[in-house]
1. I'm told Leu11 meets every condition in (1) aliphatic (A, V, I, L, M); (2) modelled with pLDDT under 75; (3) farther than 20 Å from Tyr119 by Cα except one. Can you identify the failing condition by its number?
2. Could you list all residues from segment 84-125 that are part of a loop (DSSP other than H, G, I, E, B) and either under 17 Å from Ala60 (Cα atoms) or touching a residue at least 40 places away in the same chain (Cβ under 8 Å) (or both)?
3. Of all the residues that make up segment 51-92, how many are at pLDDT below 90 and β-branched (Val, Ile, Thr)?
4. Restricting attention to segment 183-230, report how many residues are surrounded by fewer than 16 Cβ atoms within 10 Å (Cβ to Cβ), among the hydroxyl-bearing types (Ser, Thr, Tyr) and touching a Gly at 6+ places or on another chain (Cβ under 7 Å).
5. So which residues in segment 169-207 are closer than 11 Å to Thr220 by Cα and not acidic (Asp, Glu)?
6. Looking only at segment 40-71, count how many residues are without any contact (Cβ under 8 Å) to a residue 12 or more places away in the chain and not in a helix (DSSP H, G or I).
7. Scanning for something under 17 Å from Arg150 (Cα atoms) and in contact with a Lys or Arg (Cβ under 8 Å, 6 or more places away or on another chain), does segment 70-90 turn up at least one residue?
8. If the Cβ limit is 6 Å and pairs must be 6+ apart or interchain, which residue in segment 210-222 that is under 18 Å from Arg174 (Cα atoms) pairs with which residue that is in a loop (DSSP other than H, G, I, E, B)?
Amino acid sequence: MTGQLSLGLRLRDEATFANFLAPDDTIRARAKAALGGTGEPLVYLWGSKGSGRSHLLQAACHRVREEGGGAQYFSLGDMIDYPPDQVLDDMEYQDLVCLAGVEAVAGRPGWEEALFGFYNRIQDQGNRLVIGADGPPRELPLALPDLKSRLSAALVFHLATYDDEDKIAILRHRAARLGIELSREVGLFIVNRGSRDLDHLMAYLERLDLASLAEKRRVTIPFVKQVFGW
């Protein structure tokens, strides 16, 4: 691994299949089946921001590592200024590689060619690649036809956007796993008063968890107001 850069992102502890809720339970089950275990050789997940793309990619990596395999997760948007050959060097020997934000390489010939070459190498090794993007493969503005063709041939999943009720359900589900009793009314208050972005909502929950442990108080609307000054 002569020129490889140590750029893999640390997986979030909470990004697991058990912590993933989808508006459609069928999508959750199908995605888990495709991404977990031996899975499919090439999977493509697309959806808008906050649809759970990065969560599922990291969950797949967690599952492979739990089973003793090698897995690596990258956000291509964060790596775009590095030499692509060094970023992807020898990654084909990982059992699973998950690349988020593939739209970031569109229109960059060096990156498109490197990603196409990497796809061929990881397939030759019999290992798996999972791609995350903000749109379907045929709509990506890729200049390299062969790369677009390969991505279009993947097992494709569209992740729907969460509405407010879905976000409340996710908050309550995650809270329960943290040992927090969170009523629907409190969840609704948080969604209405704070950011509706899921990453922010999860950050609110982590802060409430720490505060409730420190003060030994239940998470109620007055307590949420106190913690966030709302």
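1. (2)
2. Going residue by residue through segment 84-125, those that are part of a loop (DSSP other than H, G, I, E, B) are 89-90, 94-95, 101, 106-108, 125.
Once the filter is applied, which keeps residues that are part of a loop (DSSP other than H, G, I, E, B) and either under 17 Å from Ala60 (Cα atoms) or touching a residue at least 40 places away in the same chain (Cβ under 8 Å) (or both), segment 84-125 yields Asp89, Asp90, Gln94, Asp95, Gly101.
3. Total meeting the criteria: 0.
4. Residues of segment 183-230 surrounded by fewer than 16 Cβ atoms within 10 Å (Cβ to Cβ): 183-185, 192-197, 199-200, 203, 206-207, 210, 213-218, 221-222, 225-226, 228-230.
Those still in the list that are among the hydroxyl-bearing types (Ser, Thr, Tyr) too: 183, 195.
With touching a Gly at 6+ places or on another chain (Cβ under 7 Å) added as a condition, the list becomes none.
Number satisfying all stated conditions: 0.
5. Going through segment 169-207, the residues closer than 11 Å to Thr220 by Cα turn out to be 180-187, 189-190.
Of everything in segment 169-207, those that are closer than 11 Å to Thr220 by Cα and not acidic (Asp, Glu) turn out to be Ile180, Leu182, Ser183, Arg184, Val186, Gly187, Phe189, Ile190.
6. Residues meeting the conditions: 1.
7. no
8. Hits for this filter: Ser212/Val219; Val219/Ile180; Val219/Leu182.
The values are calculated or read from the model by the stated rules, or taken from the named source; none is laboratory data. A quick note: this is a predicted structure, and the numbers were derived from the prediction, not measured. Heads up, the Cβs are rebuilt from the backbone with ideal geometry, glycines too, and the neighbour counts pull from every protein chain shown.
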